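First up is the structure itself, then whatever we jot down about it.
The values are calculated or read from the model by the stated rules, or taken from the named source; none is laboratory data. These numbers were taken from a predicted model, which means no experiment stands behind them. So basically every Cβ, Gly included, is an ideal-geometry build from the backbone, and we count neighbours across all protein chains shown. Just so you know, the surface numbers come from the protein's heavy atoms only, side chains and all, with ligands and any DNA or RNA stripped out. Shrake-Rupley method; radii C 1.70, N 1.55, O 1.52, S 1.80 Å.
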Amino acid sequence: MTAKSQKHWDGDVSDLLRVEEGFRLAAVDPSSTPGYRKGKKAGAEDLASGVDELSDLQERLFARSRVDRTDASVLLVLQAMDSAGKGGIVRHVVGAVDPQGVSLTAFKKPTAEELDHDFLWRIEKRLPEPGLIGVFDRSHYEDVLIGRVRELAPAAEIERRYAAINDFERRIVDGGTRVVKVMLHISADEQKQRLMERLDRPDKHWKFNPGDVDERMLWSDYQAAYQTVFERTSTDHAPWYVVPADRKWYARLAVQHLLLVALEDIDPQWPKATFDVDEQRARLAAT
């Protein structure tokens, strides 16, 4: 399916980016632009065109939930290595719509209270309400990524979590939430360049975390952990999409596309008035 406002896709990008059986992360070129037949300039134009469509669909979804009490919502899950562009997706894609229709959660290190519960406890509390686009900047997948790489939980517990995640996502999808899971796939060289830029620019120092270098040293381990995540949790009801992210403009356009397709599939309609429009027009005219 191609988003109506984006003109330059060649084929179904949702299929091109979707993780299917036999998928190998190592085979994906992080600098590629699957399905897009134009360059950065056209991509910027398509991104701008998509803003109006995304805003319209988001407002329809929000309005419908407030009148018709629909259960429909969208959850965008963003996972990536550091500096892959999650913040840019939040600002340039999701940030283009009315903020009252968006619920953003940036999950950090679990608190003591959160550690006293199952790993999905804090996730459940931040699911989007009906009518909203929810965004998880990092998510429950941290518990099978850094949790595995850093051995923060026993191997048996990590194994249990894959099945728990599948059951959890099945339940929320059955409840009306469309789950769009995106891994922004950046190359090691591009990450190094972006992290170095943060060190070179005083206005970017606040974004640099020395721990990012520590995690970078475990690059191969994280790539293997992501591969396992895709094999174990890319399902029919909640598939993974791997978006090449070395080119920021492409990553933003692709994620916008995936959100547009999810909303177009929901097809939210403006709710009908719960009052007599002609009667209220007459009353207003008489004032």
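Okay, here's what the table says:
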read-out	value
Antiparallel DSSP beta bridges within the chain, as percent of all bridges there, nearest 5	10 percent
Electrostatic dipole magnitude of the chain [Cβ: Lys, Arg +1; Asp, Glu -1; Cα centre; debye, to 20]	740 debye
Pairs of alpha carbons in segment 65-187 whose separation is greater than 20 Å (percent)	47 percent
Relative contact order (%) - the chain, alpha-carbon pairs under 8 angstrom, separation at least six	32 percent
Simple Cβ-charge dipole of segment 120-261, Lys/Arg +1 and Asp/Glu -1, about Cα centre, in debye nearest 20	380 debye
³J(HN,Hα), Karplus 6.51/-1.76/1.60, whole Hz, each residue of segment 6-20, x for Gly, Pro	9, 9, 10, 7, 10, x, 8, 5, 4, 6, 5, 9, 6, 7, 10
Cα-centred dipole magnitude for segment 64-143, charges only on beta-carbon of K, R (+1) and D, E (-1), debye, nearest 20	340 debye
Computed [θ] at 222 nm, helices only, for the chain once each DSSP H run of length n ≥ 4 contributes -39500 (n - 2.57)	-15000 deg cm²/dmol
Relative contact order (%) - criterion: Cα under 8 Å, at least six apart; region: segment 81-233	29 percent
Kyte-Doolittle mean at least -0.5 and Cα axial length at least 15 Å: DSSP H helices in the chain	248-266
Proximal charge balance of ILE123 [Cβ under 11 Å; K/R count +1, D/E count -1]	-2
Residue pairs, from the table LYS7/LYS272; LYS40/LYS181; LYS7/LYS248; LYS125/LYS248; LYS7/LYS192; LYS109/LYS248, whose Cα atoms sit over 22 Å apart	LYS7/LYS272; LYS40/LYS181; LYS125/LYS248; LYS7/LYS192; LYS109/LYS248
Dimensionless Rg ratio for segment 134-287, taking C-alpha atoms and the 2.2 N^0.38 Å reference	1.49
Two-site FRET efficiency, LYS108 against LYS272, from Cβ-Cβ distance with R₀ of 41 Å, rounded to 0.05	0.45
Amide H within-cut-off set for VAL135, under 5 Å, with H built and near neighbours excluded	LEU76, SER103, LEU104, THR105
Fraction in percent of alpha-carbon pairs per bin - 5 Å, the chain	1, 5, 11, 15, 17, 16, 13, 9, 5, 2, 2, 1, 1, 0, 0
Cα pair distances in segment 29-128, grouped into 10 Å bins until the bin that holds the longest one, percent each	11, 33, 33, 19, 4, 0
J(HN,Hα) series, segment 74-90, from Karplus relation 6.51 cos²θ - 1.76 cosθ + 1.60, nearest Hz, glycine and proline x	10, 10, 9, 9, 10, 10, 5, 5, 4, 6, 6, x, 4, x, x, 5, 4
Residue of GLU142, GLU157, GLU59 that the Gaussian network model of the chain assigns the largest fluctuation, springs spanning Cα pairs under 10 Å	GLU157
Computed over segment 152-287: relative contact order in percent, which uses C-alpha pairs under 8 Å that are six or more apart	35 percent
Placed amide H near LYS181: partners under 5 Å, 5+ positions off or other chain	VAL77, TYR241
Local net charge near LEU258, Cβ-Cβ under 12 Å (Lys/Arg +1, Asp/Glu -1)	0
Among LYS181, LYS38, LYS109, residue whose mean-square fluctuation peaks in a GNM of the chain (springs only between Cα atoms under 10 Å)	LYS109
Residues with amide H under 5 Å from that of TYR36, placed H, sequence gap 5 or more	ASP10
Packing-based order for 197-206, 238-247, using average beta carbon neighbours within 10 Å, highest first	238-247, 197-206
Eligible aspartates and glutamates near LYS207 by straight Cα distance, threshold 17 Å, same-chain separation 8 or greater	ASP82, ASP137, GLU190, GLU197, GLU215
Accessible area of SER32 in the full protein assembly, 1.4 Å probe (Å², nearest 10)	30 Å²
Share of carbon and sulfur in the accessible heavy-atom surface of the chain [1.4 Å probe, %]	50 percent
Selection from TRP206, PRO99, VAL144, by position along the positive dipole direction of the chain (Cβ)	TRP206
Kirkwood Rh and Cα Rg combined as Rg over Rh, evaluated for segment 134-174	1.02
